[in-house]
Amino acid sequence: MKKILYAEDEFTNRKIVEMVCRKLNIICILAEDGLQALELFRKEIPDLVILDQYMPGFNGDIVAEKIRRENDQIPMIAITSDDEAVTLLEKSGFNRVLVKPVKSRDYESLLNTYLE
């Protein structure tokens, strides 16, 4: 069974992704901040990482850079509410950057694309 790590400080957004994963029979590991995301990445070894940019602890770009030092193959997607952060996020090693709002069908499409 495929496994994703989703780090987002907004409870509602975490629940949306969790429900999409359940529907697609994907294990969803949830983190509330960047520090927890990095710990869970190392412990759980997911197939895909989705990170919000602005979180307590470490922002998504910092987490992505740390993950890339350990694993340069894992697909990573950034989610941000700040369209001016897109270039920074792309340089941080993300495969794709989405600007909020992101709909549940967008998540479903992403998961199907990156976890085939």
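Coordinate-derived values only; no laboratory data. Model, not experiment: these values are computed from the prediction. Positions of Cβ are generated from backbone atoms using ideal geometry, with glycine treated the same way; all protein chains shown enter the neighbour counts.
Within the same chain, lysines fewer than 8 places from residue 15 are excluded, and of the rest, those with a Cα less than 17 Å from its Cα are 3, 23, 100, 103. Exposure proxy for 8, 39, 70: other Cβ atoms within 10 Å of each Cβ, ordered fewest to most, give 70, 39, 8. Using a Gaussian network model of the chain in which every pair of alpha carbons under 10 angstrom is joined by a spring, one finds that among 31, 85, 64 the greatest mean-square fluctuation is at 85. Applied to the stretch 98-111, the Karplus parametrisation 6.51 cos²θ - 1.76 cosθ + 1.60 on θ = phi - 60° returns per-residue 3J(HN,Hα) values of 10, 9, 5, x, 10, 8, 4, 5, 5, 4, 4, 5, 4, 4 Hz, with x for Gly and Pro. Of the trypsin sites (Lys or Arg not before Pro) in the stretch 15-116, the ones in a loop by DSSP (not H, G, I, E or B) with at most 13 other beta carbons within 10 Å are 103.
The Cα atoms of the chain define a convex hull whose projected area, averaged across directions, is 6.1 nm².
Between residue 73 and residue 32, the FRET efficiency from the beta-carbon distance, with R0 = 22 Å, is close to 0.25.
When the helices of the chain are scored as -39500 (n - 2.57) per DSSP H run of n ≥ 4 and the total is divided over every residue, the value at 222 nm lands at -13500 deg cm²/dmol. If you run the Gaussian network model on the chain, springs between alpha carbon atoms under 10 Å, then out of 86, 49, 99 the most flexible one is 99. Distance between the pseudo-spin-label points of residue 15 and residue 91 (7 Å out from Cα toward the beta carbon): 3.7 nm.
Each label point was placed 7 Å from the Cα along the Cα-to-Cβ direction; for residue 105 and residue 81 their separation is 2.4 nm. Summing charges over all other residues whose Cβ lies under 11 Å from the Cβ of residue 57, with Lys and Arg as +1 and Asp and Glu as -1, gives -4.
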